[in-house]
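Following: one structure in structure tokens, then a few remarks.
The values are calculated or read from the model by the stated rules, or taken from the named source; none is laboratory data. Predicted model, so just to flag it, every value in this text is computed and none were measured. Neighbour counts run over all protein chains shown; Cβ positions are idealised from the backbone, glycine included. Remember, those area values only see protein heavy atoms, side chains included, never the ligands or the DNA or RNA. Shrake-Rupley method; radii C 1.70, N 1.55, O 1.52, S 1.80 Å.
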Amino acid sequence: MTAHWISGPTRSGKTQQLITFADEIGALQHQPLLIFSANGDNRMVLASRLTEALSDRVATLTTSPAGFIQDEVILFWPLLVQQLNLQAQFPLKLRPENEQVLATELWRDRLDSGELQVEGWRESRMVRRTLDFLQLASQAGIPIEDIPDRLKAGMPSALAPATLTHAELWENVGDALMAWQNWCLQRGFLTYGIMSTLYWRYLLPHEHYQAQ
């Protein structure tokens, strides 16, 4: 399998270069081409252009990185169940709004006690930003265990309440995220952040997955 990356500014001819490449390589192989776009909206436009230009000469599958990871994690879920000793149940992807509500409920005691509090952030913002930390870390291949140290170094201006030190605040955030991830996995709930973590940390290195 060979990967080709085409990059450039807007209207620099990336799509036409991709079409030319797909037409040429399609004549040499009989397998479909897997083509990534930046996001879902771009994917639909790109898929339309490819279909129009290539017709049925070349089989293509267009997706976004997030969409690809989601599909792979769900498709190979039994491998993850076995590797992580999870309950054998079909996974359910949480929408961001449901993720926010469930995390708020799970962290209710931590929020009320002030363990999860940054001066100037309302509760809803605190929950959303905490969940975003997990998603950003997972997409960068950063283990969840390393998030507190990254936050200590990268957000020194965030103000902890008087009852906490700066270090304690981010340790609490890390503990909350660990509890959230474990709670979701025990119930088969998937978020973009959790799916990204499962993909790079467990599924991608798996020998059977690589063989497939």
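Only one entry of Glu168, Glu119, Glu115, Glu97 meets the criterion of being more than 18 Å from the chain's Cα centre (by Cα) and without any contact (Cβ under 8 Å) to a residue 24 or more places away in the chain, and that entry is Glu168.
Residue-by-condition table, conditions (1) open to solvent by less than 60 Å² (accessible area, probe 1.4 Å); (2) assigned to a loop (DSSP other than H, G, I, E, B); (3) under 24 Å from Tyr192 (Cβ atoms); (4) modelled with pLDDT of 95 or more:
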residue	(1), (2), (3), (4)
Leu111	yes, no, yes, yes
Gly120	no, yes, no, no
Val127	yes, no, yes, yes
Phe133	yes, no, yes, yes
Ile142	yes, yes, yes, yes
Ile147	yes, no, yes, yes
Pro161	yes, yes, no, no
Leu164	yes, yes, no, no
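For segment 180-212, residues that are on the phi > 0 side of the Ramachandran plot and under 13 Å from the mean Cα position of the chain (by Cα) total 0. Out of all the residues in segment 149-159, which are part of a loop (DSSP other than H, G, I, E, B) and open to solvent by less than 20 Å² (accessible area, probe 1.4 Å)? Listed by number, the list holds a single entry, Ala158. The requirement of being β-branched (Val, Ile, Thr), closer than 20 Å to Gln212 by Cβ and open to solvent by less than 60 Å² (accessible area, probe 1.4 Å) is satisfied by Thr63. Looking only at segment 21-38, how many residues end up being open to solvent by 60 Å² or more (accessible area, probe 1.4 Å) and either β-branched (Val, Ile, Thr) or assigned to a loop (DSSP other than H, G, I, E, B) (or both)? Residues that pass the stated criteria total 7.
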